[in-house]
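A short worksheet on the structure shown next.
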Protein chains: 4
Amino acid sequence: MRTFVHPVLIGFGDCDPAGIVFYPNFFRWFDAAAHQMFRAVGCDIRSARREHGWIVGPLVDAGAKFRSPATHGDTVEVRSTIGEWTAKTFRVDYRITRGETLIAEGWEVRILAEPHPDDPSRIRALTIPDEFRALFA
Amino acid sequence: MRTFVHPVLIGFGDCDPAGIVFYPNFFRWFDAAAHQMFRAVGCDIRSARREHGWIVGPLVDAGAKFRSPATHGDTVEVRSTIGEWTAKTFRVDYRITRGETLIAEGWEVRILAEPHPDDPSRIRALTIPDEFRALFA
Amino acid sequence: MRTFVHPVLIGFGDCDPAGIVFYPNFFRWFDAAAHQMFRAVGCDIRSARREHGWIVGPLVDAGAKFRSPATHGDTVEVRSTIGEWTAKTFRVDYRITRGETLIAEGWEVRILAEPHPDDPSRIRALTIPDEFRALFA
Amino acid sequence: MRTFVHPVLIGFGDCDPAGIVFYPNFFRWFDAAAHQMFRAVGCDIRSARREHGWIVGPLVDAGAKFRSPATHGDTVEVRSTIGEWTAKTFRVDYRITRGETLIAEGWEVRILAEPHPDDPSRIRALTIPDEFRALFA
């Protein structure tokens, strides 16, 4: 699987009174890295909808382990890769590093969806098309 | 004009490494107070769209003066009132207080809009209907 | 273990272009609920430091499962309880509900720490005192 | 005065259910641009404190005018320059553009401060040293 790199400059306002990253921001950066990855393979949230009818990426679950603190002024790299495919889900794995130092690791399980035929205000998961999977090979 | 009160408990993550509120959060709370105000008069963003075709509240400008610091664990009150009407805009005025202490003052200028007839991806300002104005009297 | 309830009114700005909660906000609300819980037992981040020398709550890991969408204007309840203690960590379990509907479940593993004796800019985990554990019984 | 450029890639989570930037994020980007500017002149928040005893940049007020919508996937540039100096304040002016399109304009009034001699938990404004002003000339 391909690996994608998304740099982040940590802002003053991303940090809490302890002077380190307020942890929900790591998930914000995971999400941003996912969208950059979709964009990099030519399948961002808008083009996917328009060209294929796919709703790319609704979340099933997410988690992270925080390894070392990071602070404002640090530039970190978010590396993402797809770590697992099931019939209807894919797991994106993330590593955030500052130089050689591992700051955080995490994952998100996401789906491809379409509007639910019985109720267009809801969505339902699609079986992931080979065509989507191939984009990340 | 009516005044509306929206309480906010300041979170640890709302504060920056200086230990006080990271200022963009004041605007987040202004916006939340505006939506609560629209809801309180029976004209929230969804019902306004459905019942009147109005897009309530796109922003024209906003500003704030920061008077005293506030920190996590503080409960503050956001007081909002409509301070000025023009043909196509209204200004919401805010005061954030902690007990007797003024923390911040601010304002937002907002419009009522409808989808642009020539391009539904854009919006255009409506002349504000008396019916909307009356809700805040 | 005691259970604590923290209400959240979901804001317009907490939601993304899909119209539902942008998921990192769930972690922001978990964190806010944790701080409310520490406060409720008389051991908030400031009093714990001052009275006991404890740094309450640095994060080791966190995760969540997203069960049903929630949107702006919804009021949800975040229920937190301590689900597991080890010698040096405790896991806070969360359930976010809107009425009977489960919106999200999650957890955080946190520690109690003190400044590192060799380098006060770092922290090290404490063996969790019985006194702290007893607050949640 | 020198002008500084700070690029921002707008994230999915920076946008609201209307599909455009949730406006408090513009202030978040102003703040990030200010910190980048301080860093670029060799006077970031940490070095300023350590080398000069200055607390750089507490906010007095801030405001913005929103000119055109921007959305996720857009890369915008935040241009900052110091637009006015008074004895104890400086105003940073911002322009956010996407190519030729003006997205937002804004300003922040900030101070240089030191811990208050009577109460180190408070700060007081310094007369701005020529040395600081010269960094931006």
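Couple of notes before you dig in:
- Taking all protein chains into account, the per residue accessible area for the range B:20-80 stands at 36 Å² (1.4 Å probe).
- With the whole protein complex present, A:VAL5 retains an accessible surface near 80 Å², based on a 1.4 Å probe.
- Under-5 Å amide H pairs with B:PHE136, H placed in peptide plane, nonlocal only: none
- Chain A holds its axis-closest Cβ, relative to the rotation onto C, at the residue and whole-Å distance A:GLY63, 1.
- Surface accessible to a 1.4 Å probe, C:THR71 within the full protein complex, Å²: 30
- Cα-based helix-to-principal-axis angle, D:24-40 vs chain D, degrees rounded to 10: 50
- Charge dipole of the range C:39-89 (Cα centre as origin; +1 on each Lys and Arg Cβ, -1 on each Asp and Glu Cβ, all else neutral): 120 debye, rounded to the nearest 20.
- For D:THR89, the distances from its label point to the matching points in the remaining copies are 2.1, 4.9, 5.3 nm, ordered from shortest, with each point set 7 Å beyond Cα toward Cβ.
- Share of carbon and sulfur in the accessible area of the range A:15-108 stands at 48%, probe radius 1.4 Å.
- When the accessible areas of C alone and D alone are added and the area of the pair subtracted, with a 1.4 Å probe, the result is around 700 Å², both sides summed.
- log10 of Debye I(q)/I(0), alpha-carbon scatterers only, for the range D:74-113 at 0.24, 0.31, 0.34 Å⁻¹: -0.73, -0.97, -1.08
- Remark: label point of B:ARG49 defined 7 Å out from Cα along the Cα-Cβ vector; separations to the same position in other copies 1.1, 4.3, 4.3 nm, ascending.
- Charge dipole (Cα centre; +1 on Lys/Arg Cβ, -1 on Asp/Glu Cβ; no other charges) of the range C:1-115 amounts to roughly 260 debye.
- Amide N proximity, the range B:92-111 versus D:ASP119 label position 7 Å along Cα-to-Cβ, cut-off under 16 Å: B:98-103
- Note that the protein assembly as shown, at 37 °C in a medium of 0.692 mPa s, gets a Stokes-Einstein diffusion coefficient of 133 µm²/s from its Kirkwood radius over C-alpha pairs.
- Kirkwood radius, chain B, all distinct C-alpha pairs, inverse of mean reciprocal distance: 15.8 Å.
- The range C:88-137 and the range A:1-39: distance between their alpha carbon centers, rounded to Å: 23
- The range A:1-80: translational diffusion in µm²/s, Stokes-Einstein, Kirkwood Rh over Cα pairs, 10 °C, 1.306 mPa s: 113
- Going from the isolated chain to the complete set of protein chains, the range C:1-28 loses at least 40 Å² of heavy-atom accessible area (1.4 Å probe) at C:LEU9, C:PHE12, C:GLY13, C:PRO17, C:PHE22, C:TYR23, C:PRO24, C:PHE27, C:ARG28.
- For the protein assembly as shown, the dipole from Cβ point charges (+1 on Lys and Arg, -1 on Asp and Glu) about the Cα centre works out to 0 debye, to the nearest 20.
- Label-point spacing at B:LEU102 relative to the other copies reads 3.1, 5.0, 5.3 nm, in ascending order, each point sitting 7 Å out from Cα along Cα→Cβ.
The values are calculated or read from the model by the stated rules, or taken from the named source; none is laboratory data. Bear in mind that the values here come from a model prediction, so they are computed numbers and not experimental data. We place every Cβ from the backbone using ideal geometry, glycine too, and count neighbours over all the protein chains shown. All accessible areas refer to the heavy atoms of the entire protein, side chains included, with ligands and DNA or RNA removed. Shrake-Rupley method; radii C 1.70, N 1.55, O 1.52, S 1.80 Å.
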